[in-house]
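Report on the following structure.
The values are calculated or read from the model by the stated rules, or taken from the named source; none is laboratory data. Bear in mind the structure is a predicted one, so any value in this text is a computation, not a measurement. Here the Cβ positions follow ideal geometry from the backbone for every residue, glycine too, while neighbour counts run over all protein chains shown. For the accessible areas, the whole protein counts, side chains as well, though only heavy atoms, and no ligand, DNA or RNA atoms are used. Shrake-Rupley method; radii C 1.70, N 1.55, O 1.52, S 1.80 Å.
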Amino acid sequence: MEEQDLAMLEPLFFKGYLHENNQHIWEMILPKRLRRMYDILNKRTEYVSVLTEAVDDGHNQAAILRSAEAFGVQNVHIVTGKHAFDPSRSISKSADSWLTLKKHRSIEGAIHELKRDGYQIIASNLSHDAVPVQEIDVSKPTVLMFGNEQSGISAKALDLSDQDFMIPMDGFMQSFNVSVAAALSLYEVTRRAKEQAGDQYFLDEERKKELYHQWMMKTLNPRVRKMVETGKMK
């Protein structure tokens, strides 16, 4: 490895992301790629997450994933509706490869689990009690919940959520496409949460190292990855 590459990767060696035990993996990845994954990981958050309920359209599914990845949101929770979760590859641009996706069997189970983990559930729903997205309280870990393209979020999910929110609009239309709503909401909420939560907003070292290993594996050629996973390449 050239001297300039060693200098680029010095923080990864120093903090234990790259070491002898995983050398058989990282030596197959370009140094610029290794450093870029590290830099992106340092901007990732689990303080803000996304929960989708019965978002059926593959293009919308993919667009939500792409927005989450673009704004550094690591976790997307999914409850399927009439159609399977099958995001369009042409839209997602493999965004799901860098995210942690968790599928739940029911919306009740998803919300109970997230609340148990300390999240507040804020539902995208145009109601009399809905607050503008700019006024969502981001002083605590937050999950933004989005619902079906036609029917929105179910009544049982709304009953379990902590608050409704809406995106103020000045036109005749009173709603956005769900993927557009997710993108606008994530931009606003991540921006404000990052400012208010400080270091709590970002991942801790243990979680970053866990994800970094996963990302290195996903970077490998599938055939090589299988060899590493089966212990045939060490």
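Hand me the trypsin sites (Lys or Arg not before Pro) from segment 44-83 located in a DSSP loop with no more than 10 other Cβ atoms within 10 Å, in residue order please.
Of the trypsin sites (Lys or Arg not before Pro), the ones in loops of segment 44-83 whose Cβ has at most 10 other Cβ atoms within 10 Å are Lys82.
Averaging sequence separations of C-alpha pairs under 8 Å and six or more residues apart, then dividing by the length of segment 35-179, give the relative contact order as a whole percent.
Reported relative contact order: 27 percent.
My understanding is that a pair violates if its Cα-Cα distance is over 29 Å; which of Lys103/Lys209; Lys140/Lys218; Lys103/Lys218 do that in this structure?
Over 29 Å apart, Cα to Cα: Lys140/Lys218.
Based on the Cβ-Cβ distance of Lys232 and Ser90, what FRET efficiency does E = 1/(1 + (r/R0)^6) give at R0 = 35 Å, to the nearest 0.05?
The computed FRET efficiency comes out at 0.55.
Roughly what % antiparallel, to the nearest 5, for the DSSP beta bridges in the chain?
Here the antiparallel bridges make up roughly 10 percent for the chain.
For the ranges 189-202, 47-60, 137-150, what's the packing order if you count other beta-carbon atoms within 10 Å of each residue, average per peptide, and put the highest first?
Highest to lowest by the protection proxy: 47-60, 137-150, 189-202.
May I ask you to give the solvent-accessible area per residue for segment 82-160, in square angstrom, as obtained with a 1.4 angstrom probe?
Per residue, segment 82-160 has 55 Å² of solvent-accessible surface.
Between segment 137-190 and segment 32-47, what is the separation of their alpha carbon centroids in Å?
Taking the Cα centre of segment 32-47 as reference, the centre of segment 137-190 is 27 Å away.
Within the accessible area of segment 102-234, what % is carbon and sulfur when the probe is 1.4 Å and the other protein chains stay in place?
C and S fraction of accessible area: 49 percent.
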